[in-house]
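Below is one structure; the comments refer to it alone.
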Amino acid sequence: MELIEKIKKTAPDATVSENGEPVVSVSAQELHQVAEALYADSEHPMDYLRDIVGMDWGETGLGALYLLESTQTGHRIILKTVTADREQAFLPTVSDLWKTALIKEREVFDFFGIRFLNHPDMRRIFLREDWKGYPLRKDYDMNSNPLNMENEVNADITDEYFLKPDGTIADKKNIVFDQKDFVVNIGPQHPSTHGVLRMRTSLDGENICKVDPILGYIHRGIEKLNESLTYPQTLALTDRLDYLSAHQNRHALCMCIEKAAGIEISERAQYIRTIMDELQRIDSHLLFYSCLVMDMGGLTPFFYGFREREMILDIFEETTGGRLIQNYNMIGGVQADIHPTFCTKVKEFIAHLRSVIKDYHDIFTGNVIARTRLQGVGILSREDAISLGCTGGTGRASGWANDVRKHHPYALYDKVDFKEITYTEGDSFARYMVRMDEIMESCHIIEQLIDNIPAGEYKVKTKPILKLPEGVFTSSVETSRGEFDVVLESHGDKTPYRLHYRSTGLPLVHAMDTVCRGQKIADLIAIGGTLDFVIPDIDR
């Protein structure tokens, strides 16, 4: 409430909606002024822009929700702004305050057609540059883009819109790559881009000058699909985002729906969800280790990681029926009780992992080639990590303590003892070490829970068709790659009016330009491996 009062001093006409999360509405003209005041606030400086969520409110207009957080105090606030002009929709950029807005605003433009004044690069980011219309608008014509098999030529010139003194809007052209720039494509068909990601990379000799990510090669329109699905049906799509955070993604969506519907789940289900989340984290970090080492030319450690990961997948399969796609968390709990041998096998796995983790470090961590290629390479400062929104192990390697499990506890994370792993170097080696240390912390969390799972039901009964109350609801979890947020706007129907997921990987790919500049082209693959992005999570 204190923050809301401060906003009203800057924007006297600001209003607050109390349906669900408190949302502060400010006019488009006052948005930047309010954002600047919150960013510079002395008590709760909102230095972390969690996300920008594009919205189509029909006759009210187009707009966005801005999710802000103070890294110092943990306070959070949501701003809402709208423009009534659907044909010429403009909002002020906030990219001068938060660097992550450079890519988040392009995403909003791509899907809603909202242009941001003073944003230096108003190109599409996911869809083809010749795409017609904006797919997440409510009035979008699904037949407006027949299958186009022609090669797309990327423009090297982009638009920047600005407000003239007379109140009219003009634009100027900015150069992405000059004619004399030497540009090479890394991907999309390249095993070390970890999916169909393409990075247009300009070089000066062997030195990287700029990295321009081209996204959307496997875009599936998951957020658009959600608008025609009932709430139980939306769950199936979360496993297809970051498939190495399948349990955690679905956990976040279930929590959001349960909070909105007032459903309280059993303690047994909370224990099971927390243990599954941590097994998933170990699974992901083992794959991170395997792929990073193979990207850098080491084959034996690749088999080490897959050997232990296979044990986790066997444990998952017995209980959930899935190895990669889990389909396990449900609204009200979990789909099925744990397998009779689950606890025994989990304890055996942790004992085994503790006995072999030294081999991982012996063969790679202390290797002179690995240290030379990772230490001091691809440095990301703490300030840039926050401004770019690089959460998870990437941010913690730069000294930013951002673990959602610690700062905004959910499930049983306020009842277990664990360390938040942080390093201060911010280089590729620190990013590697954070994840290796987190493997052992996850083992420690599971050990505190596995023998104490209480009896009781694993799922409470819920209606097959849920209607959530009107309002904006959010939830956030710490996935294998960082903060994953669910933003749900309900208009009281059985389907969501808007269901948005914060991609953990989008800020990481955006950070490639910052961390790779001045490095060698040979370093790009190792740096990308330590940032640990997963493409389906980005191409939602």
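The values are calculated or read from the model by the stated rules, or taken from the named source; none is laboratory data. Only a predicted model underlies this, so the values are computations on that prediction, with no experimental measurement involved. Glycine gets a Cβ as well: all are built from the backbone with ideal geometry, and neighbour counts include every protein chain shown. Please note that ligands, DNA and RNA were not included when accessible areas were found on the heavy atoms of the full protein model with its side chains. Shrake-Rupley method; radii C 1.70, N 1.55, O 1.52, S 1.80 Å.
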Taking the residues in the range 285-300 that are open to solvent by 10 Å² or more (accessible area, probe 1.4 Å) and more than 22 Å from the chain's Cα centre (by Cα) as candidates, determine which candidate is nearest to Ile357 (Cα to Cα). Thr300
How many residues are without any contact (Cβ under 8 Å) to a residue 40 or more places away in the chain and on the phi > 0 side of the Ramachandran plot when one looks only at the range 489-540? 1
Name the residue, out of Val94, Val108, Val53, that is in a loop (DSSP other than H, G, I, E, B), crowded, with 21+ Cβ neighbours inside 10 Å and under 22 Å from the mean Cα position of the chain (by Cα). Val94
Cβ contacts < 7 Å: first residue more than 20 Å from Ile535 (Cα to Cα), restricted to the range 285-310; second residue aromatic (Phe, Trp, Tyr), any location; separation 6+ or different chain. Result? Gly298/Phe364; Pro301/Tyr289; Pro301/Tyr360; Pro301/Phe364; Tyr304/Tyr360; Gly305/Tyr289
Looking at the structure I just gave you, is Arg250 in contact (Cβ under 8 Å) with a residue 24 or more places away in the chain, charged (D, E, K, R) and touching a helix residue (DSSP H, G or I) at 6+ places or on another chain (Cβ under 8 Å)? yes
Scan the helices (runs of 4 or more DSSP H) fully inside the range 344-423 and keep the ones with 2 or more residues being in contact with a Ser or Thr (Cβ under 9 Å, 6 or more places away or on another chain) and open to solvent by less than 10 Å² (accessible area, probe 1.4 Å). 382-388, 392-396
Out of the residues in the range 66-91 that are under 22 Å from Gly133 (Cβ atoms) and part of a strand (DSSP E or B), state the one that is least open to solvent (accessible area, probe 1.4 Å). Leu91
For the range 325-343: of the residues being in a loop (DSSP other than H, G, I, E, B) and at positive phi, which is least open to solvent (accessible area, probe 1.4 Å)? Gly332
Of all the residues that make up the range 49-71, how many are at pLDDT below 90 and not acidic (Asp, Glu)? 1
What is the number of the single condition among (1) surrounded by 15 or more Cβ atoms within 10 Å (Cβ to Cβ); (2) in a strand (DSSP E or B); (3) at pLDDT below 90 that Ala170 does not meet? (1)
State all residues of the range 497-520 that are within 24 Å of Gly205 (Cβ to Cβ), open to solvent by 10 Å² or more (accessible area, probe 1.4 Å) and either at pLDDT below 90 or not β-branched (Val, Ile, Thr) (or both); if no residue qualifies, say none. Asp513, Arg517, Gly518, Gln519, Lys520
Anything in the range 141-164 that is under 30 Å from the mean Cα position of the chain (by Cα) and part of a strand (DSSP E or B)? List them, or say none. Ile157, Thr158, Asp159, Glu160, Tyr161, Phe162
Is it the case that the range 76-97 has a residue that's modelled with pLDDT of 90 or more, charged (D, E, K, R) and over 24 Å from Thr15 (Cα atoms)? yes
Looking for something of a type in the set (D, E, K, R), more than 25 Å from Pro232 (Cβ to Cβ) and in contact (Cβ under 8 Å) with a residue 40 or more places away in the chain - is there at least one such residue anywhere in the range 457-480? no
Condition check for Asp130: farther than 29 Å from Tyr39 by Cα, in a loop (DSSP other than H, G, I, E, B) and open to solvent by 30 Å² or more (accessible area, probe 1.4 Å): yes
Residue pairs meeting the criteria (Cβ under 7 Å; at least 6 apart or on separate chains; first modelled with pLDDT under 95, in the range 345-362; second of a type in the set (Phe, Trp, Tyr) and in a helix (DSSP H, G or I)): Asp359/Tyr304; Tyr360/Tyr289; Tyr360/Tyr304
